[in-house]
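The structure under discussion appears below in the form of structure tokens.
Derivation of every value follows stated rules applied to the coordinates shown; laboratory data play no part. In this text the structure is predicted, and so the values were computed from the model without any measurement. For neighbour counting, all protein chains shown are included, and Cβ atoms are generated from backbone atoms with ideal geometry for every residue, glycine included.
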Amino acid sequence: MPAERFIEALNEQIAAEFAASHQYVAIAVHYEDQTYPRLANFFYRQAIEEREHAMMMIKYLLDTQSPVRLREVEAPRSDFADHVAPIELALEQEGAVSRRIGDIFALAREEGDYLSEQFVQWFLKEQVEEEATMSTLLDVAERTRDFPMSLEDYIAREDPGEEVADPLAPEPAGGR
Ligand code: FEO
């Protein structure tokens, strides 16, 4: 079994992943309400991905006979000044998640827990992709701030954040 402080940190991260998912649903609903269907779909999809990250972590705890401690998830933000603000929030959120994943990786390394270190490694790579996707989306959103439908066209054309099957992705609890 991993060290208690690693288990506790991973349980905290599970809550953070569910919170990220919850926040992305709130953003998607905001966009759908404002009739930005491509932005809405993009964030609905991101919400599913974040939930899957939480389920992967749950599966790892179960597989290593570690306790799963689900906790409260905070209410998401749902009031935004304009169509760019949710993307700014999303990029901030991804940056915070990357820092936390880095801390959890460091914990596993300090404990000499090679299996946990290897498990967390996939999430480090995932965060690089997610931050890059969100940062690119924010660039385009800022550049087209006065023409939001250009951002919709960009998403329709480029399909940012498109998921390709990753055979190295950890298995989520409950399967895919
Ligand atoms: Fe699973 Fe992008 O945090």
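Just need the relative contact order of the range 1-61 here, percent rounded to a whole number, with Cα pairs under 8 Å and 6+ apart.
41
Kirkwood hydrodynamic radius, the range 38-146, all distinct C-alpha pairs: what's the number in Å?
With all distinct Cα pairs of the range 38-146 included, I get 15.8 Å.
Taking Cα atoms, how many degrees apart are the long axis of helix 4-33 and the longest axis of the chain, rounded to 10 and kept between 0 and 90?
Rounded to the nearest ten degrees, it is 20.
Taking 0.36 nm per residue of separation and subtracting the Cα-Cα distance, what length does fully extending Glu32 through Ala156 add?
43.1 nm
In terms of modelled amide H atoms, which long-range or inter-chain residues lie less than 5 Å from the amide H of Ala173?
The list, which skips near neighbours in sequence, is Met56, Ile58, Lys59.
What's the FRET efficiency of Ala106 with Ala15 using the Cβ-Cβ distance as r and R₀ = 25 Å, to the nearest 0.05?
Approximately 0.80, to the nearest 0.05.
When the chain is fully extended, how far beyond the present Cα-Cα distance does Arg5 get from Arg99, taking 0.36 nm per residue of separation?
32.2 nm
Report, in deg cm²/dmol and to the nearest 500, the calculated mean residue ellipticity at 222 nm for the chain, where each DSSP H run with n ≥ 4 adds -39500 (n - 2.57) and the sum is divided by the residue count.
Value at 222 nm, helices only, nearest 500: -25000 deg cm²/dmol.
Between Gln121 and Arg69, what is the FRET efficiency for a Förster distance of 22 Å, r being their Cβ-Cβ separation, to the nearest 0.05?
It comes out at approximately 0.40.
Could you list the residues of the range 79-120 with an amide nitrogen less than 18 Å from a label point located 7 Å from the Cα of Met149 in the Cα-to-C-beta direction?
83-84
Quick one: which of 2-12, 53-63, 102-112 comes out on top by average Cβ neighbours within 10 Å, and what's the full order, highest first?
So the peptides 2-12, 53-63, 102-112, ranked by packing, come out 53-63, 2-12, 102-112.
Residue by residue, what Karplus-based ³J(HN,Hα) values in Hz, rounded to whole numbers, does the range 104-112 have, using 6.51, -1.76 and 1.60 with θ = phi - 60° and x for Gly and Pro?
Each residue's phi maps through the Karplus curve to give 5, 4, 4, 4, 4, 5, 4, 7, x Hz.
Mind checking the full-extension length gain between Ala165 and Glu88? Use 0.36 nm per residue of separation minus the Cα-Cα distance, one decimal, nm.
The span from Ala165 to Glu88 would gain 25.0 nm if fully extended.
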